Structure formats: C-alpha cells, structure tokens
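Okay, so here's the structure we're looking at.
The values are calculated or read from the model by the stated rules, or taken from the named source; none is laboratory data. Note that the coordinates shown come from a computational prediction; the quantities given were computed from them, not determined experimentally. Counting neighbours? That spans all protein chains shown, and the Cβs are built from the backbone with ideal geometry, glycine included.
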Amino acid sequence: MRKLINVSLLSVSLFLVSCGGGDKNAEKHIVFSYNEGNSITSLDPAAASSFENNQGVNQLFNGLVQMNDNLIVEPAIAKKFGVSNDGLVYTFNLRTDVLFHDDKCFKEGKGRKVVAEDFVFSFNRLYDAKVSRALSDVAIVDNSAGKGFLAVDDSTLKIFLKRPFGAFLNILTMKYFSVIPHEAIELYKEDFRKNPVGTGAFAFKLWEEGTKLIMHKNPNYFETDEQGNRLPYVDGVSISFIKQRQSAIIELLNEKLDMISGADALDDALSKTGELNEEYTKKFNLQRGPFLKTDYVGILLDEKIDFVKNSPVRLKAVRQAMNYAFDREKMIKFLRKNIGKPATAGFIPMGLKSFNNDIVKGYSYNPDKVRDLLKEAGYPNGEGMPSITLYTTEHYRKLLEYMQSQFAENHIKIEISIEPNAVLSDKVNKSQFLMFKKSWVADYADEENFLSKFYSKNFAPNGYNYFHYSNPKFDKLFEEALNEKNDSLRRSLYQQMDQIAMDDAPMIPMFYDEVIRIVNKRVSGLGINPMNLLNLKTVKKAEKLEKESH
C-alpha cells in the first residue's frame with residue numbers, strides 16, 4: 001500500500017511541477033483522475049486500435065467530425081460538411097481558429113493553425129502499415145489520380161470514395177482520423193507515439209508507461225460551451241494504470257481517483273444485484289448505460305476444413321439447439337450482478353437504432369426446442385453426438401462453465417479449453433478452433449460494423465468473419481445497405497440481415513454489455529455514451545462535496 005500511495009503523491013507532484021507549481025496557488029489546480037486497468041501502448045492516433053489507446057487519444061486530438069453522446073455526428077474541426085448526390089464526394093469546410101498544441105517541433109515552440117493539407121498528410125499516413133491500424137478503414141477511399149484526400153485550399157477538404165457508403169461519416173469519427181502536424185512526425189519519427197502533438201482539449205505533458213499519464217488544459221482550445229466559455233473546465237487529466245482492482249478501489253475511496261470503470265474493476269463495490277454498496281453511496285454515483293459490445297461464442301462453419309466437416313456443429317439444427325440450451329437471464333443475474341442484458345434478439349447490440357427485439361428474434365432458454373432440434377439433427381437426446389471443445393480465456397471461465405453445465409442438462413457435451421488471450425486470438429484468426437468465446441466492440445457507431453462480420457468477403461484472416469459464414473441472401477442485402485443513403489431504409493436492411501444471421505446461427509450471442517462507472521459526486525458534466533468513450537472537455541470538479549441538506 002505504501003508503494004501505491006507514493007505513486008499517487010508522485011503524480012500530484014509531477015502535475016504541479018509541470019504546471020509551474022511550487023507557488024502558493026498550485027493547490028488550486030483542478031485535476032480529473034481516473035484509472036485504466038490495462039496499459040496504453042501508444043498515443044499516436046494511427047495506432048488507436050485498443051479501448052485504452054482510444055481514451056488517451058480522444059483527449060489529445062480532434063478530427064473533422066465527432067460523435068456526441070447520442071451517437072449523432074457533429075462538426076469538430078470541420079464547421080460544416082456535405083456529400084454529393086451520388087454519395088462519392090464529401091466536402092468539409094474547416095474552422096480557421098484551430099491551433100496545434102505548443103511544441104518544440106514548431107518555430108519558437110508555438111502551435112500553428114490547422115489547414116486542410118494537414119488532414120491530407122494525416123489521412124495518407126493511414127496507408128502506412130508500419131504505423132497504421134486503419135488500413136481497412138481507408139480502403140473505401142478512391143485514390144486514383146487527382147482524388148483521394150484533396151486540399152482545395154487551406155479551409156476546404158474533399159474526400160473521394162470508390163462507392164457510396166452510408167456509414168462514412170461515422171468512420172471519420174474514429175480516432176484514427178485525427179489531424180496531426182507533419183512537423184511532429186519529422187521531429188519525433190517513431191517516437192511520436194510518446195510525444196503526441198494534437199489540437200485537443202488537453203495537451204500532453206508526461207507519460208511513465210504502465211504507471212501514469214498526465215495531460216494539461218489546452219488554453220487555446222477552439223470549442224466553447226453554450227455560454228461562450230472556453231473548454232475544458234478542469235486544469236488537467238491524470239490517468240493511472242493500477243491493475244489490482246482492490247488497490248484501485250482504495251484509491252477511489254481515498255479520493256485519489258475520481259472514477260473507475262468496468263464490471264470487473266467495480267466488482268467489490270457492487271451488491272449482488274449490481275447496485276452500489278452502501279458505504280459508497282455518500283460520495284459516489286453509479287453511471288451505467290448501453291455499450292456497443294456483444295459477447296458471443298463463435299462457431300467455425302467452413303466445411304473445407306476437416307475438423308469442421310465431421311463436426312455436429314456443421315448442422316444448423318445443432319447450432320440452434322445450442323442457442324436454446326442455456327438461460328441468459330440467469331447468467332446475467334447470478335454471474336454478472338445484472339450488468340449487461342441477455343442477448344435474446346440479434347447480434348446488433350442495444351444502443352444502436354436498428355436494435356428491436358420485436359423485429360429481430362433471437363433465442364431464449366427452451367429445453368423443449370433443444371430436444372426437438374437435436375432429434376431433427378439425428379441426435380435424439382444427444383445420443384451419438386460427440387463432445388465439442390470450446391476455447392476461451394481464464395477471464396470467461398465461470399460464464400462458460402455455467403453454459404457447459406446447462407448444455408449437459410440438455411444432452412449437449414462440451415469441453416472447455418483455457419488459452420492465453422494471444423493464443424486464442426491467433427488460432428481463431430487462422431481458423432484453427434471450432435468453437436471460441438469472443439466479443440465484438442464497435443469501432444464506430446453503425447450497425448454495418450457488426451454485420452460486416454458475417455459478409456462472405458470478410459473471411460478471416462483477411463477480415464473479421466471468424467465463422468467463415470456465407471449466405472448469398474445476406475451478402476446481397478449487405479451490399480444493398482452499403483449503397484443506401486436513406487437511414488430508415490438502411491435500418492430495415494440491417495434488421496433483415498441480423499435475422500438471417502440469427503436463423504443460421506454461426507454464433508451464440510450471450511449478452512449485450514453495459515458501460516458502468518463509479519464517479520465521485522464532486523464531478524459533474526461527465527457524459528456517458530454507448531461507445532464508452534470518455535469526453536473530458538466538459539467535466540467540472542468541485543473542490544469539495546457540498547454537505548447534503550437534511
């Protein structure tokens with residue numbers, strides 16, 4: 001515990017010193033502090049492929065557009081934008097008051113104005129496989145002569161697409177598409193990952209990898225609130241990387257942290273029903289809401305592979321029987337403290353507009369249907385049906401042991417194999433595991449991101465169709481939806497595709513996850529959104545909690 005306290009004191013000292021602290025007013029600096037259980041590996045937007053990297057990058061950088069907490073695309077550095085009638089050309093008119101953070105990469109250390117050519121530089125860099133994780137996201141851009149990303153003048157940018165794509169603006173909200181200055185890349189080269197220079201509400205100050213990340217308020221930030229006050233409100237952000245959940249909870253209780261998040265991190269603070277334990281309610285609020293994340297068991301269907309063509313899961317009736325063979329409601333209630341919702345509709349999670357459990361019908365616990373489907377498949381009461389191995393990581397052992405037990409009650413035998421996360425990912429990607437536990441978190445807030453996993457042209461390892469699922473009717477609707485500009489019509493196509501995938505059952509949806517956080521009551525203005533992206537520019541923090549009136 002002494003080491004942990006020393007780290008907290010060190011971080012405060014570092015913040016004050018780098019603020020020019022040590023003077024009598026240093027204690028007035030208001031810092032928002034939170035914990036990430038997993039480490040950030042890069043602060044380069046081109047590498048913002050993990051949840052943790054995204055959170056850091058989001059404070060430091062801006063793009064053309066941004067997503068609000070209602071998943072609506074809004075202007076950011078682009079003050080307005082439009083699309084041509086054929087859906088192939090997007091035009092962005094840029095603000096002229098956006099400055100890069102002050103940094104030694106600029107003349108006299110002063111950040112310069114952002115121009116359209118900066119976006120051309122930033123976006124073209126996404127084609128470099130050495131630094132970028134966004135190669136698939138820029139594949140839609142038409143890079144033929146004179147097209148691609150084009151700076152018409154300093155404040156006008158055009159982007160040309162190969163084909164219409166209704167979700168393209170959502171793609172541009174991803175942190176990959178942040179603007180960066182070429183001067184910083186020229187100076188820092190590969191070390192840009194730990195020397196980020198952006199335009200965001202906070203500017204980088206210090207990063208002790210695996211220990212602490214500190215950012216300071218950007219005094220030149222371009223966004224204001226409704227009253228015209230310049231954002232952000234707090235003077236800085238401090239991120240710690242405490243892996244032990246009990247230690248993080250102690251830091252929260254001691255008000256060294258303002259927030260911790262995630263079902264696992266909060267386990268000790270929650271009752272069996274998912275409410276805050278009484279000792280937390282005086283100082284803390286519980287935030288929760290939909291998360292664009294579906295946890296599932298995947299099934300490999302490619303009968304060109306020997307262990308698939310001889311497996312009972314090649315039969316749709318067996319896969320459907322598995323979907324009916326366990327109680328998702330009890331799983332959420334007793335094993336997840338009511339965090340998340342049972343995945344009894346489609347693969348598309350709650351939080352997206354096309355989610356509708358009256359239109360898309362999934363699976364609920366039904367032993368009678370299990371019995372009928374096993375008989376249809378030629379395995380009455382499971383007779384003659386071989387055991388199937390389900391691969392997972394230690395993290396999900398209890399959930400899958402519960403499924404294993406319920407499957408056994410319904411005459412379906414599975415074995416569980418616990419693998420390191422890296423091994424599981426590699427083997428699933430190479431189509432070497434028949435059944436596997438995975439989850440899918442939205443990269444951007446559009447249903448296409450979830451349904452693309454079932455498109456036959458996205459077979460792993462080149463795409464994320466780990467099931468090697470192929471259905472011509474699904475593919476036709478998927479391609480139709482890509483070209484559909486009307487939101488309501490596209491939503492109907494998404495629902496039709498979701499139902500097809502559910503009926504064919506290349507996966508067993510388990511639950512739709514939730515964003516869940518404990519936040520100090522001194523903090524206000526911290527929104528919550530289904531992308532689980534922290535937007536700290538509007539956060540306020542009182543110096544002390546006002547006493548409750550009696």
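Filter segment 240-258 for residues that are among the hydrophobic types (A, V, I, L, M, F, W, C) and within 15 Å of I518 (Cα to Cα) and give the result.
Matches in segment 240-258: A248, I249, I250, L252, L253, L257.
Quick check on my filter: what residues within segment 394-436 are surrounded by fewer than 18 Cβ atoms within 10 Å (Cβ to Cβ) and part of a loop (DSSP other than H, G, I, E, B)?
Answer for segment 394-436, where residues must be surrounded by fewer than 18 Cβ atoms within 10 Å (Cβ to Cβ) and part of a loop (DSSP other than H, G, I, E, B): K413, P420, K430, Q432.
The conditions are (1) modelled with pLDDT under 95; (2) touching a helix residue (DSSP H, G or I) at 6+ places or on another chain (Cβ under 8 Å), and N520 fails exactly one of them. Which is it?
The single condition N520 does not satisfy is (1).
Pick out the one residue from V370, V318, V313, V297 that is touching a residue at least 40 places away in the same chain (Cβ under 8 Å), in contact with a Pro (Cβ under 6 Å, 6 or more places away or on another chain) and not in a loop (DSSP other than H, G, I, E, B).
Values: V370 fails: in contact with a Pro (Cβ under 6 Å, 6 or more places away or on another chain); V313 fails: in contact with a Pro (Cβ under 6 Å, 6 or more places away or on another chain); V297 fails: in contact with a Pro (Cβ under 6 Å, 6 or more places away or on another chain).
The conditions single out V318.
Any idea which of (1) outside the structural domain of F454 (by TED's automatic domain parsing); (2) out of contact with any strand residue (DSSP E or B) (no Cβ under 8 Å at 6 or more places or on another chain); (3) free of Cβ contacts under 8 Å to residues at least 24 places away in the same chain is the one D306 doesn't satisfy?
(1)
Are there any pairs with C-beta distances below 7 angstrom linking a residue in segment 26-44 that is farther than 18 Å from S524 by Cα to a residue that is at pLDDT below 90 and not in a loop (DSSP other than H, G, I, E, B), with the two at least 6 apart or on different chains, and if so which?
Final answer for the pair search is A26/L16.
Which one of V98, V89 is in contact with a strand residue (DSSP E or B) (Cβ under 6 Å, 6 or more places away or on another chain) and either closer than 30 Å to A481 by Cα or crowded, with 19+ Cβ neighbours inside 10 Å (or both)?
Unique residue meeting the criteria: V89.
It is to be established whether one or more residues within segment 113-136 are closer than 22 Å to N218 by Cβ, assigned to a loop (DSSP other than H, G, I, E, B) and not β-branched (V, I, T).
Checked against the condition, which is being closer than 22 Å to N218 by Cβ, assigned to a loop (DSSP other than H, G, I, E, B) and not β-branched (V, I, T), segment 113-136 yields no hits at all.
Return the only residue of I388, I359, I414 being β-branched (V, I, T), at pLDDT 95 or above and touching a Phe, Trp or Tyr at 6+ places or on another chain (Cβ under 6 Å).
I414
Do any strands (runs of 3 or more DSSP E) entirely within segment 156-247 hold 2 or more residues that are under 17 Å from N54 (Cα atoms), and if so, which? Reasoning before the result, please.
Numbers: elements: 156-160, 202-208, 212-217, 236-240.
Result: 202-208, 212-217, 236-240.
If you go through segment 267-302 one residue at a time, how many are at pLDDT below 95 and in contact with a His (Cβ under 9 Å, 6 or more places away or on another chain)?
0
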